[in-house]
1. Return the sequence-ordered ³J(HN,Hα) values of the stretch 69-82 in whole Hz as given by the Karplus equation 6.51 cos²θ - 1.76 cosθ + 1.60 applied to θ = phi - 60°, using x for Gly and Pro.
2. Please compute the contact order of the stretch 156-216 in relative form: average sequence separation of alpha-carbon pairs under 8 Å and at least six residues apart, divided by the residue count, as a percent.
3. Contour minus end-to-end for GLU99 and ARG69, with contour as 0.36 nm per residue of separation and end-to-end as the Cα-Cα distance?
4. Name the residues whose placed amide hydrogens come within less than 5 Å of the amide hydrogen of VAL56, ignoring near sequence neighbours (fewer than 5 apart) on the same chain.
5. Tell me, what HN-Hα J-couplings in whole Hz come from the Karplus equation 6.51 cos²θ - 1.76 cosθ + 1.60 at θ = phi - 60° for each residue of the stretch 105-120, using x for Gly and Pro?
6. Are there trypsin sites (Lys or Arg not before Pro) in the stretch 68-156 that DSSP puts in a loop and that have at most 12 other Cβ atoms within 10 Å, and which ones?
7. Taking loop as defined by DSSP and a crowding limit of 12 other beta carbons within 10 Å, which GluC sites (Glu not before Pro) in the stretch 80-166 fit?
8. Report the gain in length on full extension from GLU176 to ARG212: 0.36 nm times residue separation, minus Cα-Cα distance, nm rounded to one decimal.
Amino acid sequence: MHSRTQIKIAFRAMKKQWHQNSVRVSKRKCRVALEIVERSQSFYAMQLDSNSNGIVRVDGLSNREFLERYARPGCIGLSGGVSLIDQAICRAERHLDKEKNWGAWSHAFLFQGKRADGHHWVIESDLQVHKKHIQLGVQENRISKYFDDELYTVLAVLDFNLEEKQVGMLVTEGLELVANRERYSLRELLGTLLALRREGMRGRNNLLERERCLYCSALIRHLFSKSGIDLTPGIALKNTTPEDLARTNIPHVTYWLERARAKSKLKEWRVRLRKRLKGKKET
């Protein structure tokens, strides 16, 4: 099979030949050749992503269309948004990046599949405030919670191609935690944010950990460990972030939908300032 680079070169060369040598090459033959190259390029890119923990970027879909197309039982869901809590978590995750770029993900959950009501459900640990009711901890929610395009501006589905038995183990353990009312600990989340600042602390137990508490990404890490899969070796369970899950080396494919992402305004200001200063020096 041709390499991805070779396919790109061939594709560009064919385009150039179409425009510069249209007399010698008929439009019909050129169009057919281009379609073949495009299909080969698309197929090879998908094969590459499937074999090397690749990312499949998805455009032109609503959150609902994206989730209904790619979510499957046993897959991990990741989300990010523009709310203050989303921005705070993504900003804290900048310590995981060499260039200090903000993380993309602020929440994680597990797809458990469709129920008798025809809806796809998720298991997650979250803090939700409803009218006269507060949900704090491990819970079940319909996937429709993430259909809001303005609230959830970045979504991903991590597909590990798990066997049915493994999926069953994940869901069973998740439902056990729901039944036991495992709590969401803001205290543990703070301990995780502190550990992000010092790399040596990430492999140690969370300084503020509590019993019977799991925040979102720690829950997902716990569920997969129960099925024999360690998503982030070397990092303590309760120091696991959504960004760590996104960077796991366990073979998988990531389907990624993005409209907007929390960004550092200070960093954007610095970039604009450098451009202005560079422009003044040149003049």
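Values in this text are rule-based calculations from the coordinates and carry no lab data. In this text, all values refer to a predicted model and were calculated from it rather than measured experimentally. So basically every Cβ, Gly included, is an ideal-geometry build from the backbone, and we count neighbours across all protein chains shown.
1. These are the phi-based 3J(HN,Hα) values: 7, 10, 5, 9, x, x, 7, 9, x, 10, 9, x, x, 10 Hz.
2. 37 percent
3. Stretched fully, the GLU99-ARG69 segment lengthens by 7.4 nm.
4. Distant-sequence amide H within range of VAL56: THR254, TYR255, TRP256.
5. 10, 10, 8, 9, 7, 10, 7, 10, x, 7, 9, 5, 7, x, 9, 7
6. Those that pass, being in a loop and sparsely packed, are LYS98, LYS100, ARG115, LYS131, LYS132.
7. When the GluC sites (Glu not before Pro) of the stretch 80-166 are filtered for loop state and at most 12 Cβ neighbours within 10 Å, GLU99, GLU150, GLU163 remain.
8. 11.8 nm
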